[in-house]
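Comments concern the structure below.
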Amino acid sequence: MTQTTVLERTDAQPASDGPAVSENRPAAKYGREQALGAMLFAARRMQLDVTDRQVVLLLDVAERHLLPPDDFPHGTARGYKRHRRRDEPACDSCREAYRLAAAERRKRAGRREPKPCGTEAAYHRHVRRWETACDPCRQAHRNAQRERRKMAAA
């Protein structure tokens, strides 16, 4: 196949030797013919030599990545995330599905057992709760600070 055959073509169908667009994907609603025409116009304008295979590949990439799909799973956590990526308010079913998924995730994670008093973590827990730290926790905090200063000086 020659380099310029696609530029003389008038029909919107790609050549049969190019990579075929997957058969299981539904036809695009936003005009494959218009996108192909725009690409051919741009190629002519820039005086580029493009093959049918390159045009089909570019068109496939544009369909999959650049143009937003109209059909995405509503009522799922993925649907909620898609709404958020598009900067649009999420529908009620997606918001509820995401809320349930987050609750399930929190339930699976469970709560960790807090560190016992006399550790640096317990000292910071006292501070976070605006409590007066107990003596073992204060001593652990002092020791940790002393170690940090020693490491910084070295």
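The values are calculated or read from the model by the stated rules, or taken from the named source; none is laboratory data. Note that the coordinates shown come from a computational prediction; the quantities given were computed from them, not determined experimentally. For the accessible areas, the whole protein counts, side chains as well, though only heavy atoms, and no ligand, DNA or RNA atoms are used. Shrake-Rupley method; radii C 1.70, N 1.55, O 1.52, S 1.80 Å.
What fraction of the Cα pairs in the stretch 97-154, stated in percent, has a spacing above 16 angstrom? Considering the stretch 97-154, 59 percent of its Cα-Cα pairs are separated by more than 16 Å. Quick note on the stretch 52-154: its Rg to Rh ratio, both from C-alpha atoms and Rh being the Kirkwood radius, is 1.36.
A probe of 1.4 angstrom, applied to the heavy atoms of all protein chains, finds TYR98 with accessible area near 70 square angstrom. Around the amide H of GLY75, modelled in the peptide plane, lie the amide H atoms of CYS94, all under 5 Å away and 5 or more residues distant in sequence or on another chain.
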